[in-house]
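The values are calculated or read from the model by the stated rules, or taken from the named source; none is laboratory data. Nothing here was measured: the structure is a model prediction, and the numbers come from that model. Here the Cβ positions follow ideal geometry from the backbone for every residue, glycine too, while neighbour counts run over all protein chains shown. SASA here: full protein model, heavy atoms, side chains in, ligands and nucleic acids out. Shrake-Rupley method; radii C 1.70, N 1.55, O 1.52, S 1.80 Å.
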Amino acid sequence: MAVAANGDAVAVWSESGDLYANRYTVATKSWGTPVSLENLSTSVYEGQAAIDASGNILVVWGQRFNSVNRVYANRYSAAKEMWSGEILLDEADFFADNPDVAIDPSGNALVVWFQANAPTVVSVFAKRYTIADDSWSGAVEIETSSVDAFLPQVAMDANGNALAVWSEEDGSGNTTIHANRYASASASWGSDILIQSDSESGENPRLAVGANGEAMAVWQQYGSSRGISANHFD
């Protein structure tokens, strides 16, 4: 489920292997009619949604196609009052999963997911939607290590800047938490950085970004003791 700044909302769920969405309009305090978002014959995985204050919605999910998990999206245009139809986001015929999505107040959006970029290495990729020309960028690899990276999360601020966080193997049996920042002014990603300060395993990161760009990442910590760790970006 996702809620816009003005109180409009969207709920997404899977039912009998299919993905559905329903919109809540705060002005009428009412829900609409459930809509099927995809028409493939295979089961969907892990639908995620984002909505802006104008009512534009982006839903992403994982789904098998030709025996390989792929990442798909469907966008609702508030201006047209219609869904665009499902599109394939990833660009390689390798396993892809766990997409996450964020949207800024203007309706621009970013999607991240993890995907094998070779038979033995899993990386984090991102793709940007620009509302001005209703277009998608190409998929960009936002971390370039030689070890597996997975479970990415993304969030955006009011100016369209974004942060992504994920778990990454460190080569010694542990996993660590990494991040990368997208700058809207240059329309580009920065460098993959380690945001975890100790040598123990960090997993399942979560991320929130304020309107001014300040952010907080939290994750589960495993090792000599278990707990929740955090790092703040300003």
Note to self: Net charge within 14 Å of Gly138 by Cβ-Cβ distance, Lys/Arg positive one each and Asp/Glu negative one each, not counting Gly138 itself?
What the structure shows: -1
Item checked: 5 angstrom amide H check on Ala53, placed H, neighbours 5+ away -> Ala5
Note to self: Checking the a/c ratio against 1.5 first, then a/b against b/c, what shape does the Cα gyration tensor give for the stretch 1-52?
What the structure shows: prolate
Check: Using the heavy atoms of the protein chains alone and a 1.4 angstrom probe, what is the accessible area of the chain per residue in square angstrom?
Finding: 47 Å²
Item checked: Residues Ile228 and Ser199, FRET efficiency given R0 of 22 Å [Cβ-Cβ distance, rounded to 0.05] -> 0.80
Check: Roughly how many Å is it from the Cα centre of the stretch 3-20 to that of the stretch 96-146, as a whole number?
Finding: 21 Å
Check: Length gain on complete extension for the stretch Ser77 to Ser14, per 0.36 nm per residue less the alpha carbon to alpha carbon distance?
Finding: 20.5 nm
Checklist line | Estimated translational D of the stretch 35-131 in µm²/s (Stokes, Kirkwood radius over Cα pairs; 37 °C; 0.692 mPa s) | finding: 239 µm²/s
Check: Which of (1) 61, 40, 31; (2) 60, 37, 32; (3) 52, 43, 35 is the computed Cα extents along the principal axes in Å for the structure on display?
Finding: (3)
Item checked: Amide proton proximity set for Phe95, modelled H, under 5 Å, gap of 5+ -> Ala116
Item checked: Rounded percent of accessible protein surface that carbon and sulfur make up, the chain, 1.4 Å probe -> 49 percent
Margin query: Can you tell me how the stretch 163-234 classifies by the Cα gyration tensor, rounded, prolate or oblate, using a/c under 1.5 as the rounded cut?
Written below: oblate
Notebook entry, point to check: Can you work out the FRET efficiency for the pair Asn39 and Glu91, with r the C-beta to C-beta distance and R0 = 22 Å, to the nearest 0.05?
Noted result: 0.55
Check: Contour minus end-to-end for Val121 and Asp134, with contour as 0.36 nm per residue of separation and end-to-end as the Cα-Cα distance?
Finding: 1.5 nm
Note to self: How much length would be gained if the chain were fully extended between Ala183 and Ala208, taking 0.36 nm per residue of separation minus their Cα-Cα distance, in nm to one decimal?
What the structure shows: 7.4 nm
Checklist line | Candidates per GluC sites (Glu not before Pro) in the stretch 70-116, loop by DSSP, up to 15 other Cβ within 10 Å | finding: Glu81, Glu91
